[in-house]
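Q: My structure is below; once you've seen it, I'll send some questions.
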Amino acid sequence: ECQIHENYKEMVLKAKDTDSAITGGICVGGAAVVLAAAKPDFPAYVSHLVVEGLFATFLESFKLHMKAEKRPIFPVLYEIFWAARLESGMKIREARPIRVIGKVKTPILFLHGRKDAFSLPKRAEELYAACNAPKELVWMDEGSHSHLRINNQELYDGSIKAFLQKTF
């Protein structure tokens with residue numbers, strides 16, 4: 001997903017004839033953005049990141065999803081990780097946003113729900129604390145995982161706009 005995201009950004013920049021881009025993602029998409037942004041060759045034209053419901057590790061988030069859906073964690077979760085590694089070559093257990101967030105240099109806005117059961121609020125605080133880039137964390141009281149904007153549209157959109165105005 002990291003590579004797809006990077007290719008998409010380059011396509012948008014060419015199509016819009018601009019020299020900068022703002023990118024982001026929700027949950028796994030946010031993790032992909034952070035993992036990409038932590039790489040030394042992350043494109044300088046990406047001026048800002050916006051992540052919603054970012055989790056610290058895939059393992060913890062997947063386990064929480066499996067428990068909520070009353071599905072067995074073992075061996076299913078580990079089989080999923082194994083299949084993903086065969087398909088993509090990526091070791092999901094090693095791809096941890098919490099492990100790389102300190103390498104991100106691009107300004108980042110964290111949007112997080114206090115009721116998120118899959119990307120735990122305490123992990124959002126840990127990710128925020130570990131991030132060395134210009135950053136902001138906005139909490140939303142309404143909305144569960146991946147359902148923040150629909151429940152907080154004014155705060156959600158306003159937070160992004162304010163962050164961009166402060167950091168551009």
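Derivation of every value follows stated rules applied to the coordinates shown; laboratory data play no part. Bear in mind the structure is a predicted one, so any value in this text is a computation, not a measurement. Glycine also receives a Cβ, built like all others from the backbone with ideal geometry; neighbour counts cover every protein chain displayed.
Q: Determine the shape class of region 48-120: with a ≥ b ≥ c the square roots of the Cα gyration tensor eigenvalues, call it rounded for a/c under 1.5, and otherwise prolate if a/b is greater than b/c, oblate otherwise.
A: Since a/c reaches 1.5 but b/c is at least a/b, the shape of region 48-120 is classed as oblate.
Q: Applying 1/(1 + (r/R0)^6) with R0 = 25 Å to the Cβ-Cβ distance of Glu87 and Glu125, what FRET efficiency is obtained, to the nearest 0.05? Could the numbers behind the result be given before it?
A: Details: r = 33 Å, r/R0 = 1.32.
The value I calculate is 0.15.
Q: Assigning unit charges at the beta carbon (Lys, Arg +1; Asp, Glu -1) and nothing else, what dipole magnitude in debye, to the nearest 20, does region 20-168 show about its Cα centre? Before the final figure, lay out each step's value.
A: On the way: 20 positive and 15 negative charges, 82 e Å.
My answer is approximately 400 debye.
Q: Name the residues whose placed amide hydrogens come within less than 5 Å of the amide hydrogen of Gly113, ignoring near sequence neighbours (fewer than 5 apart) on the same chain.
A: Gly53, Met140
Q: Related question: Have a look at the DSSP beta bridges in the chain and tell me what percent are antiparallel, nearest 5.
A: 0
Q: Rg(Cα) of the chain divided by 2.2 N^0.38 Å?
A: Values: Rg = 16.1 Å, N = 168, 2.2 N^0.38 = 15.4 Å.
Dividing the Cα Rg of the chain by 2.2 N^0.38 Å gives 1.04.
Q: Cross-link list Lys122/Lys161; Lys63/Lys122; Lys39/Lys63: which exceed 18 angstrom alpha carbon to alpha carbon?
A: Distance filter (> 18 Å) returns Lys122/Lys161; Lys39/Lys63.
Q: Place the peptides 75-87, 104-116 in order of packing, highest mean first, counting for every residue the other Cβ atoms within 10 Å and averaging per peptide.
A: Result, highest mean Cβ count within 10 Å first: 104-116, 75-87.
Q: Going down the list Lys91/Lys166; Lys103/Lys166; Lys67/Lys103, which pairs span over 29 Å between their C-alpha atoms?
A: Numbers: Lys91/Lys166 37 Å; Lys103/Lys166 22 Å; Lys67/Lys103 32 Å.
Result: Lys91/Lys166; Lys67/Lys103 exceed 29 Å.
Q: Under the rule of -39500 (n - 2.57) per DSSP H run of 4 or more residues, summed and divided by the residues of the chain, what mean residue ellipticity at 222 nm is obtained, to the nearest 500 deg cm²/dmol? Spell out each step's value before the answer.
A: On the way: 7 runs with 78 residues, N = 168.
Calculated at 222 nm, the ellipticity per residue is -14000 deg cm²/dmol.
Q: For region 130-143, in order, what is each residue's ³J(HN,Hα) by Karplus, 6.51 cos²θ - 1.76 cosθ + 1.60 with θ = phi - 60°, in whole Hz (x at glycine and Pro)?
A: Karplus-based 3J(HN,Hα) across region 130-143 equals 7, 7, 9, 6, x, 8, 8, 10, 10, 9, 10, 7, 9, x Hz.
Q: Starting from the Cα of Ile73, step 7 Å toward the Cβ, then list every residue of region 110-127 with an amide N under 19 Å from that point.
A: Counting only backbone N, you get 116-124.
Q: Further, regarding this structure: In nm, what is the difference between 0.36 nm times the number of residues separating Ala44 and Ser144 and their Cα-Cα distance?
A: Taking Ala44 through Ser144 to full extension adds about 32.7 nm, to one decimal.
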